[in-house]
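Peer 1: Sending over a structure as structure tokens; questions will come in a sec.
The values are calculated or read from the model by the stated rules, or taken from the named source; none is laboratory data. On a predicted model such as this, the values are computed, not experimentally measured, just so you know. Cβ atoms come from the backbone with ideal geometry, glycine included; neighbour counts cover every protein chain shown. For accessibility, only protein heavy atoms count, side chains too; no ligands or nucleic acids. Shrake-Rupley method; radii C 1.70, N 1.55, O 1.52, S 1.80 Å.
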Amino acid sequence: KSYNRESHEIGKFDRISGLIFKDFMKAERIMSLNGPLMMVCVYASMLLISWMGARQIVASGNNAALGLTTGDLTALVTYAMQILMSMMMLSMVFVMFIISQASAERICQVLNEESTVTDPARPIMTVADGSVDFEHVSFRYGEKSEKPVLDDIDLTIRSGMTVGIVGGTGSAKSSLVQLVPRLYDVTEGSLKVGGVDVRDYGLKVLRDQVAMVLQKNVLFAGTIADNLRWGNPDATDEDIRHACRLAQADGFIRELSDGYDTYIEQGGTNVSGGQRQRLCIARALLKKPRILILDDSTSAVDTKTDKLIREALRHEIPHTTKIIIAQRIASVQDSDMILVMDAGRIAAAGTHDELLETCDEYRSIYESQTRNQAQPEGLQ
Ligand SMILES: Nc1ncnc2c1ncn2[C@@H]1O[C@H](COP(=O)(O)OP(=O)(O)OP(=O)(O)O)[C@@H](O)[C@H]1O
Ligand SMILES: [Mg+2]
């Protein structure tokens, strides 16, 4: 609607529908020949049986001892009819089978696709703590792509630390954190969680301990409680309420007419962007993970609520390692360590005060954000 492309899109849909219509017409035309052809066979067989039968009856004088009788012929006709009708059904099933085979092949293509990220032969089943170590990690999305997205990253995050990540769009912030729950494998170097290479863990074990709220968060059709139980199917109602209180979602959920049983449409279209983000944070918290990654997860939440979420995380789950990607410096200002990413490298790392002194880029981002806030609206 906003791009005024309705007629174009309708045209596109018409064209594709036309192609499907043509293909189906072709298939149906061939299929419609099947009926008459089978009928010709059926009646030809009937005629043949009647003619041969009649001749034999005449020859035997309708005497059972000498050959065929009229009773035998009637039985013969009935049996033949039954066999031919079954054959006709079979031919129809055969045609349907051929049509569905084309669809089945395409579905199987998807089902048989092997993931490149697999469990090791002898997986380690416990994650010792929430520390994360990047050792000379390089990463590229495709084998053929020339320039690595992440280039020689060295980074140590101690268990329980809060780490903020800032940087321009496309500076590979999301790519960096996606390696921790092993959504992708590193191309070079090694990434350790709890002192063990992530490739040595069982995938389920690792992903149960590393909760990640994706930049593009997704809710599914179902009640709010159903959605939150994706994080932990065994969570009690009290667990759910606790997680929602931490994510500052409890308040707005209580105001909804059905509370935690409110129905969420597919994709979460009937809640606001900020509400959706808070539900996704609550869902991740329900896992009680050792490492919590928030990828730009409070971008649509107002600054006051954002602060309340950070304070709740700090006080209620102090031993969980928190990695927070944000556009607003205020969201990461109080972290134990802040990383400034630039084109796939860590340009600077340190606390807020250290970076303000040593990193020009950080200072300029900080100043541009604080200046904007201080300026009256008319001057911007
Ligand atoms: N699935 C993908 N396949 C191929 N290349 C990708 C993929 N996702 C990201 N990239 C590339 O990797 C680079 C880093 O992207 P990334 O999403 O990590 O940036 P980002 O710092 O999270 O940006 P933003 O602040 O906009 O979220 C970009 O240049 C992008 O083109
Ligand atoms: Mg990103």
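Peer 1: Quick one: would you say ALA235 is part of a loop (DSSP other than H, G, I, E, B), over 28 Å from ILE165 (Cα atoms) and either within 16 Å of ligand 2 (Cβ to nearest atom) or of a type in the set (A, V, I, L, M, F, W, C) (or both)? I'd like the intermediate steps shown before the answer.
Peer 2: On the way: part of a loop (DSSP other than H, G, I, E, B): yes; over 28 Å from ILE165 (Cα atoms): yes; either within 16 Å of ligand 2 (Cβ to nearest atom) or of a type in the set (A, V, I, L, M, F, W, C) (or both): yes.
Answer is yes for this residue.
Peer 1: What number of residues within the range 256-277 are outside any loop (DSSP other than H, G, I, E, B) and hydroxyl-bearing (Ser, Thr, Tyr)?
Peer 2: First, pick out the residues of the range 256-277 that are outside any loop (DSSP other than H, G, I, E, B): 259-261, 263-264, 266-268, 273-277.
Imposing the further condition that a residue be hydroxyl-bearing (Ser, Thr, Tyr) reduces the set to 260, 263.
Number satisfying all stated conditions: 2.
Peer 1: For the range 168-222, enumerate the residues that are within 16 Å of ligand 2 (Cβ to nearest atom), surrounded by 17 or more Cβ atoms within 10 Å (Cβ to Cβ), within 16 Å of the chain's Cα centre (by Cα) and not in a helix (DSSP H, G or I).
Peer 2: Matches in the range 168-222: PRO181, MET212, VAL213, LEU214, ASN217.
Peer 1: ALA75 - would you say it is open to solvent by 70 Å² or more (accessible area, probe 1.4 Å), of a type in the set (Gly, Ala, Ser) and assigned by TED's automatic domain parsing to the domain that holds LEU37? Walk me through how you get there before you give the answer.
Peer 2: On the way: open to solvent by 70 Å² or more (accessible area, probe 1.4 Å): no; of a type in the set (Gly, Ala, Ser): yes; assigned by TED's automatic domain parsing to the domain that holds LEU37: yes.
Taking the combined requirement at face value, the residue does not satisfy it.
Peer 1: Looking only at the range 120-141, which residues are assigned to a loop (DSSP other than H, G, I, E, B) and open to solvent by less than 30 Å² (accessible area, probe 1.4 Å)? Write out each step before concluding.
Peer 2: Filtering the range 120-141 for residues assigned to a loop (DSSP other than H, G, I, E, B) gives 120-123, 125-131, 140-141.
Once the filter is applied, which keeps residues that are assigned to a loop (DSSP other than H, G, I, E, B) and open to solvent by less than 30 Å² (accessible area, probe 1.4 Å), the range 120-141 yields VAL127, GLY130, SER131.
Peer 1: Counting just the residues of the range 142-166 that are open to solvent by 10 Å² or more (accessible area, probe 1.4 Å) and not in a loop (DSSP other than H, G, I, E, B), which one comes out nearest to ligand 1 (Cβ to nearest atom)?
Peer 2: Of the residues in the range 142-166, the ones open to solvent by 10 Å² or more (accessible area, probe 1.4 Å) are 142-149, 151-152, 154-156, 158-162.
Narrowing further to those that are not in a loop (DSSP other than H, G, I, E, B): 151-152, 154-156, 162.
Working: ASP151: 11, ASP152: 16, ASP154: 18, LEU155: 15, THR156: 21, THR162: 19 Å.
Out of the qualifying residues, it is ASP151.
Peer 1: Just name the residue that is nearest to ligand 1 (Cβ to nearest atom) out of those in the range 267-280 that are surrounded by fewer than 16 Cβ atoms within 10 Å (Cβ to Cβ) and at negative phi.
Peer 2: Step one: list which residues in the range 267-280 are surrounded by fewer than 16 Cβ atoms within 10 Å (Cβ to Cβ), which gives 267, 269-270, 272-273.
When the remaining residues are screened for being at negative phi, the result is 269-270, 272-273.
On the way: THR269: 22, ASN270: 26, SER272: 21, GLY273: 15 Å.
Filtering the range 267-280 for residues that are surrounded by fewer than 16 Cβ atoms within 10 Å (Cβ to Cβ) and at negative phi, the one nearest to ligand 1 (Cβ to nearest atom) comes out as GLY273.
Peer 1: Related question: Please give the number of the condition LEU286 fails out of (1) more than 16 Å from ligand 2 (Cβ to nearest atom); (2) closer than 19 Å to LEU176 by Cα; (3) of a type in the set (A, V, I, L, M, F, W, C).
Peer 2: With respect to (1) more than 16 Å from ligand 2 (Cβ to nearest atom); (2) closer than 19 Å to LEU176 by Cα; (3) of a type in the set (A, V, I, L, M, F, W, C), LEU286 is out only on (2).
Peer 1: Scanning for something modelled with pLDDT under 90 and either polar (S, T, N, Q) or more than 54 Å from the chain's Cα centre (by Cα) (or both), does the range 14-30 turn up at least one residue?
Peer 2: There is no residue in the range 14-30 that is modelled with pLDDT under 90 and either polar (S, T, N, Q) or more than 54 Å from the chain's Cα centre (by Cα) (or both).
Peer 1: Cβ-Cβ below 6 Å, separation at least six or inter-chain, first residue in the range 214-228 and of a type in the set (Val, Ile, Thr), second open to solvent by 10 Å² or more (accessible area, probe 1.4 Å): which pairs?
Peer 2: Sorted first by the residue in the range 214-228, then by its partner, the pairs are THR223/ASP261; THR223/TYR263; ILE224/TYR260; ILE224/THR262.
Peer 1: Given the conditions (1) under 24 Å from the mean Cα position of the chain (by Cα); (2) away from ligand 2 (no atom under 16 Å from the Cβ), report the number of the one that LYS144 does not fulfil.
Peer 2: Of (1) under 24 Å from the mean Cα position of the chain (by Cα); (2) away from ligand 2 (no atom under 16 Å from the Cβ), only one is false for LYS144: (1).
Peer 1: Here are some residues: THR162, THR156. Which one is closer than 29 Å to ILE365 by Cα, without any contact (Cβ under 8 Å) to a residue 40 or more places away in the chain and of a type outside the set (D, E, K, R)? Please lay out each step first, then the result.
Peer 2: On the way: THR162 fails: without any contact (Cβ under 8 Å) to a residue 40 or more places away in the chain.
Unique residue meeting the criteria: THR156.
Peer 1: Any residue at all in the range 171-178 that is more than 20 Å from ASP296 (Cβ to Cβ) and in contact (Cβ under 8 Å) with a residue 40 or more places away in the chain? Break it down into steps so the answer makes sense when it comes.
Peer 2: Start the filter on the range 171-178 by keeping residues that are more than 20 Å from ASP296 (Cβ to Cβ), which leaves none.
So far as the range 171-178 goes, no, none of its residues is more than 20 Å from ASP296 (Cβ to Cβ) and in contact (Cβ under 8 Å) with a residue 40 or more places away in the chain.
Peer 1: Now a separate question. For the range 84-105, state whether one or more residues are more than 30 Å from PHE24 (Cβ to Cβ) and either touching a Pro at 6+ places or on another chain (Cβ under 6 Å) or part of a helix (DSSP H, G or I) (or both). If you could, list the steps in order and put the result at the bottom.
Peer 2: The first filter runs over the range 84-105 and keeps only residues more than 30 Å from PHE24 (Cβ to Cβ), leaving none.
No: zero hits.
Peer 1: Is one or more of the residues making up the range 87-109 surrounded by 10 or more Cβ atoms within 10 Å (Cβ to Cβ), among the acidic types (Asp, Glu) and either away from ligand 1 (no atom under 16 Å from the Cβ) or in contact (Cβ under 8 Å) with a residue 40 or more places away in the chain (or both)?
Peer 2: no
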